[in-house]
Amino acid sequence: MSAVAAAPGRRGPHLSPLARFILRRIGLLVLALLVSSFVIFISLNLAPGDPLSALSGGRSLSKATAAALTREYHLDDPVLVRYWDYLKAVVLHFNLGTSIQFREPVSTLIGQRIGVTAELVAYSAVLIIVFGVGAGIVAALRRGAVDGSIIAVSTVLAAVPSFVAAIVLIAIFAVDLHWLPALGNGSGFAGSIEHLTLPAIALAASAFAVVTRVTRVTVRAELGLEHVQTAVSRGIPWPLVVRRHVLRNASIPITTVVGITVTSLFALCTVVEQAFNLNGIGAALINAALEKDFGVVQGISLVLVGAFVLANAIVDLLYAFLDPRVAIGARAS
Amino acid sequence: MSTGVGAVTTGRLFVPRVRRRLAASQFVYGLCWLIVAIAVFFAIFGPYVRPHDPNYSMLQFQYVGPFQAQGYLLGFDSQGRDLLSRLMVGARTSMLGPLLVALMSMGAGAVISVAAAWWGGWVDSVLGTILDILFAFPGILLAVLTAAVFGAGLAAPTIALAIAYTPYIARVLRSAAVRERAREYIAAAEVQGVSAWSICARHLVPNLGRLVVAQATLVFAWAMVDLASISFLGLGVQPPTADWGVMVSTGETGVLQGYPLESLSAGLCIVLVVVAVNLLGERMAERGERKLG
């Protein structure tokens, strides 16, 4: 690996570092998808008792149902054959199994609920980008009291678990001030905005803190560089220096940290949806785990982990395109 | 003290500010240690020093607030149980899980990173790829999945999080271990015929010690948030056991009825401990990096 990264030639006869980086990253993506889907698949076999009782969640099954489940999940085949069939069913037919509790395909269940989750994550992402990056830039440019208070707030916010943030927001803005509804989905555009505002803030809180801190450090570092001082000494107006010489260069690491934190929301949304009683796939996952509805647990885990892995790969690739130095030094450090 | 005009002015302006800042940061870190010490005290001795039985419920006192009943400082929770006692006893389950996660991922991370740094080559590549793949699995989802498979409780999510956090520790330690491996004293020991095992155990790992402890401290803070979330979701510690995550969850009904103290006090305990541990861990990591150079 060090040999790969150390090749310093400008354009060797082989692949360019960027192409090699992209190939490696895509290979890793495929490998990660295979491994995580296998883990989710095999978890059914790891459950105490046999897979049938795991699928039924301990409910007693009639002979016919047991036979049907055995047939549907091919429980008599060897594990690897079953995994291959499972992959084929998921990829080709988007067949994620059946919910024992609701007696319908898991994909239907996900289809009904994924909208809420997508809206929630998107709303949070907007909050993180606007306020997280904004606060970070302000903190970097205005030293002193403003900077200090932004650091203090973000240090505390970074440690507030999303479910605690949810409870605090409900207690203050829903129960005490009656500004916004506490629980439920709402209908229509205005209704969902109204119902999703508190959840989106709770979901964004800790990510906001991370983005603010990284933005602040990056912009600060950029401000101290020689090319910025040169620009200032040449009499270029300060706002222009900030926009052209500081923010443009700082945008690369900021994009990455925004990407990584937004990606992490795919996992965290489970907690927030449950706290606010939202009808998204995260809450459905928790409900299924509590009710031992194993088909649903597997299906939603697969969707969430898949989205997480895919988004992570996109962030990495984006980073390499924005800053080609990454590909060259990717594994060297 | 000073000789020139410039030194006098800079001295007057500069020294007090630095001193004040130093004093302020020492105060903050002192506070962090105090919070951690109190939390550890209750995690160990909580069940012996709590004023009342944390599970004894007197429904007639439901939601009675602080200072209203003699001997019940914080009042009662949704089921008429003494809130203060529950917070004290809850420290144990809330901190035991994260401690186990930190210890397990610390051990696994140290072994993996030292092995990768020592042998290098294909061992390093394979281990690096495995860690990259592990990064793909968000800890909290893995914990939910294991809780669904093995049933609710603290054990399965704890192990799941230990696995999920191992790559975070191993990644930091690997680069430090590679740098340390290239040092002359290691080569000298090798030339003298000291076994690889003994060099790693006696020199390499102890020299990485500060960094290992710093990373484990940070993992403790993250795992505390995750495990509290799992308990909040109903997949971890089970009620009526007193646990901060569980208390935030059981208090949610109270929040909606305008009695938020149970949820908020338990949430505050979590946040205080996590902030304190985080700040201490970050400072340790900074110092560890600087010392290794």
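Residues in the stretch A:280-301 that are more than 10 Å from every other protein chain (Cβ to nearest Cβ), under 22 Å from A:Pro48 (Cβ atoms) and modelled with pLDDT of 85 or more: A:Gly299 only. Of the residues making up the stretch A:267-277, just one is of a type in the set (A, V, I, L, M, F, W, C) and surrounded by fewer than 24 Cβ atoms within 10 Å (Cβ to Cβ), namely A:Ala267. Within the stretch B:270-290, residues that are closer than 17 Å to B:Val40 by Cβ have Cβ atoms under 6 Å from residues that are modelled with pLDDT of 85 or more and aromatic (Phe, Trp, Tyr) in these pairs: B:Ile270/B:Trp244; B:Val277/B:Phe220, counting only partners at least 6 apart in sequence or on another chain. Of the residues making up the stretch A:73-90, those that are touching a helix residue (DSSP H, G or I) at 6+ places or on another chain (Cβ under 8 Å) and exposed (fewer than 15 other Cβ atoms within 10 Å of the Cβ) are A:His74, A:Asp76, A:Asp77, A:Val79.
Filtering the stretch A:60-72 down to residues that are in contact with a helix residue (DSSP H, G or I) (Cβ under 8 Å, 6 or more places away or on another chain) and in contact (Cβ under 8 Å) with a residue 12 or more places away in the chain, which residue is surrounded by the most Cβ atoms within 10 Å (Cβ to Cβ)? Residue satisfying both the conditions and the ranking: A:Leu69. Within the stretch B:70-97, the set of residues being touching a Lys or Arg at 6+ places or on another chain (Cβ under 9 Å) and of a type in the set (Ser, Thr, Tyr) comprises just one member, B:Ser85. If I ask for residues that are touching a residue at least 40 places away in the same chain (Cβ under 8 Å), in a helix (DSSP H, G or I), closer than 29 Å to B:Val149 by Cβ and over 23 Å from the mean Cα position of the chain (by Cα), which ones from the stretch A:19-51 would you list? Of everything in the stretch A:19-51, those that are touching a residue at least 40 places away in the same chain (Cβ under 8 Å), in a helix (DSSP H, G or I), closer than 29 Å to B:Val149 by Cβ and over 23 Å from the mean Cα position of the chain (by Cα) turn out to be A:Ile42, A:Leu44.
Among the residues of the stretch A:312-331, is there at least one that is more than 10 Å from chain B (Cβ to nearest Cβ), buried (at least 21 other Cβ atoms within 10 Å of the Cβ) and modelled with pLDDT of 85 or more? Looking for residues that are more than 10 Å from chain B (Cβ to nearest Cβ), buried (at least 21 other Cβ atoms within 10 Å of the Cβ) and modelled with pLDDT of 85 or more, one finds none in the stretch A:312-331, hence no. Can you tell me which residues in the stretch A:92-108 are assigned to a helix (DSSP H, G or I) and modelled with pLDDT of 80 or more? Answer for the stretch A:92-108, where residues must be assigned to a helix (DSSP H, G or I) and modelled with pLDDT of 80 or more: A:Val106, A:Ser107, A:Thr108.
The set of residues in the stretch B:117-126 that are buried (at least 20 other Cβ atoms within 10 Å of the Cβ) and more than 10 Å from chain A (Cβ to nearest Cβ) contains only B:Ala117. Output yes when any residue across the stretch B:266-282 is within 13 Å of chain A (Cβ to nearest Cβ) and touching a Pro at 6+ places or on another chain (Cβ under 7 Å), and no when none is. Looking for residues that are within 13 Å of chain A (Cβ to nearest Cβ) and touching a Pro at 6+ places or on another chain (Cβ under 7 Å), one finds at least one in the stretch B:266-282, hence yes.
Checking each residue in the stretch A:278-295 for being assigned to a loop (DSSP other than H, G, I, E, B), surrounded by fewer than 22 Cβ atoms within 10 Å (Cβ to Cβ) and of a type in the set (Asp, Glu) picks out no residue at all.
Residue-by-condition table, conditions (1) assigned to a helix (DSSP H, G or I); (2) at pLDDT 80 or above; (3) hydrophobic (A, V, I, L, M, F, W, C):
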position: B:Ser2; (1), (2), (3): no, no, no
position: B:Arg17; (1), (2), (3): yes, no, no
position: B:Phe27; (1), (2), (3): yes, yes, yes
position: B:Val40; (1), (2), (3): yes, yes, yes
position: B:Pro47; (1), (2), (3): yes, yes, no
position: B:Gly65; (1), (2), (3): no, no, no
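Residues checked against (1) at pLDDT below 85; (2) within 14 Å of another protein chain (Cβ to nearest Cβ); (3) farther than 19 Å from B:Thr250 by Cα:
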position	(1), (2), (3)
B:Leu73	yes, no, yes
B:Gly80	yes, no, no
B:Val101	no, no, yes
B:Ala115	yes, no, yes
B:Phe135	yes, yes, yes
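Kindly evaluate A:Ala209 against the criterion of being touching a helix residue (DSSP H, G or I) at 6+ places or on another chain (Cβ under 8 Å), within 14 Å of chain B (Cβ to nearest Cβ) and small (Gly, Ala, Ser). Taking the combined requirement at face value, the residue satisfies it.
Here A:Thr230 does not fit the description of being part of a helix (DSSP H, G or I), within 31 Å of the chain's Cα centre (by Cα) and polar (S, T, N, Q).
Filtered by the rule that a residue be modelled with pLDDT of 90 or more and farther than 16 Å from B:Val36 by Cα, the stretch B:206-225 gives no residues.
For the stretch B:217-241, the set of residues classified as more than 22 Å from A:Ala159 (Cβ to Cβ) and either touching a Lys or Arg at 6+ places or on another chain (Cβ under 6 Å) or more than 7 Å from chain A (Cβ to nearest Cβ) (or both) consists of B:Gln238, B:Pro239, B:Pro240, B:Thr241, listed by residue number. With respect to the conditions (1) modelled with pLDDT under 80; (2) loosely packed, with under 15 Cβ neighbours inside 10 Å; (3) not basic (Lys, Arg), A:Gly111 lacks only one, and its number is (1).
Among the residues of the stretch B:114-141, those that are under 25 Å from B:Ile230 (Cβ atoms) and aromatic (Phe, Trp, Tyr) comprise B:Phe135, B:Phe137. When B:Arg179 is tested against the conditions (1) away from chain A (no Cβ under 11 Å); (2) closer than 25 Å to B:Leu280 by Cα; (3) surrounded by fewer than 24 Cβ atoms within 10 Å (Cβ to Cβ); (4) of a type in the set (D, E, K, R), the lone failure is (1).
The values are calculated or read from the model by the stated rules, or taken from the named source; none is laboratory data. As the structure is a computational prediction, the values presented were derived from the model and not from experiment. Methodologically, a virtual Cβ is constructed for each residue, glycine included, from the backbone with ideal geometry; neighbour enumeration extends over all protein chains shown.
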